[in-house]
Amino acid sequence: MRGSIHARDLDDALAALDRLGKGLAPRALADALNHTANQARQALRVEMQSVFKDPTPWTLDATRIRYAKPSAEPEAAIWVKDESGGKNPFSAEDYLTPQVEGGERITRRSEKYLREAGILPAGRFVVPGAGARLDAYGNIQRGRIMQILSGLKALRRDGSDHSATNSIRSLRKGHAQAYFVMRRGKTAIGIAERRGKSLAMVLAFVRQPQYRTLFKFHDVVRRTAENDAQLEANIDKAIADALGGRLPALGRRR
């Protein structure tokens, strides 16, 4: 998922750049394109805050820029990060593509563990149940998911079994006794938590969620990239900075 920013078809602005000479013109144009790319990235954050309910910082930081360098035809690019790592096994691109293009939600790692343990039926996915405790962003906290998986003896990763056991330390936590699979007849419908006299469904099993197009990534980038007045203003600013010896280092935000 990628959008490009270039300065073709802006004859007057490009002619003004040419008057800077070959040394400064490419740097000034690259700076103008990079400034525009930063504006596109900010516009994408605003769009996310508009279309998503309480987006997480991870979601808001899901885009990155390949900054333009001085060349014959410099171009800046902005795209959704396609690397996974850290606590999240999926990339931002995996997560956001269904929101941009519509379609099916990806399988999460917790769902993979539950399927491998024979708990989550084929073709079913997990959503917060009515009794789930959610964080400020409307999600079940990762630590809570880990407790549930451990209690159900479904937490196997990196070749090791991290599930709850009958040890004194594990029994003291109580996760193995607290969580169990709820069924309607013989069909598993979710996971419940019992603590004392309290009983609540914390995870519900549902059909694969389908997303409609919500996050207009390409439209937002295109709107910024094709805003000739804004790009010309950025070129004018870059020319003034070049003439005044104030051009920032390439890629530096203004």
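Things to note:
- Residue in segment 104-117 that is surrounded by fewer than 17 Cβ atoms within 10 Å (Cβ to Cβ) and touching a residue at least 60 places away in the same chain (Cβ under 8 Å) present: yes
- Number of positions in segment 27-41 that are among the polar types (S, T, N, Q), crowded, with 23+ Cβ neighbours inside 10 Å and touching a Lys or Arg at 6+ places or on another chain (Cβ under 9 Å): 1
- Which listed residue, of L44, L24, is modelled with pLDDT of 95 or more and buried (at least 18 other Cβ atoms within 10 Å of the Cβ): L44
- Some residue of segment 211-227 being more than 30 Å from R2 (Cβ to Cβ) and either of a type in the set (D, E) or in contact with a Ser or Thr (Cβ under 7 Å, 6 or more places away or on another chain) (or both): no
- Filtering segment 57-83 to residues that are of a type in the set (S, T, Y) and at pLDDT 90 or above leaves T59, T63, Y67.
- Every residue from segment 184-205 that is within 33 Å of the chain's Cα centre (by Cα) and under 16 Å from A132 (Cα atoms): I189, G190, I191, A192, E193, A200, M201, V202, L203, A204, F205
- Where helices (runs of 4 or more DSSP H) fall wholly inside segment 141-254, the ranges with 2 or more residues that are under 27 Å from L96 (Cβ atoms), at pLDDT 75 or above and touching a helix residue (DSSP H, G or I) at 6+ places or on another chain (Cβ under 8 Å) are 142-151, 217-225, 228-243.
The values are calculated or read from the model by the stated rules, or taken from the named source; none is laboratory data. A quick note: this is a predicted structure, and the numbers were derived from the prediction, not measured. When we count neighbours, we look across all protein chains shown, and the Cβ atoms used for this are built from the backbone with ideal geometry, even at glycine.
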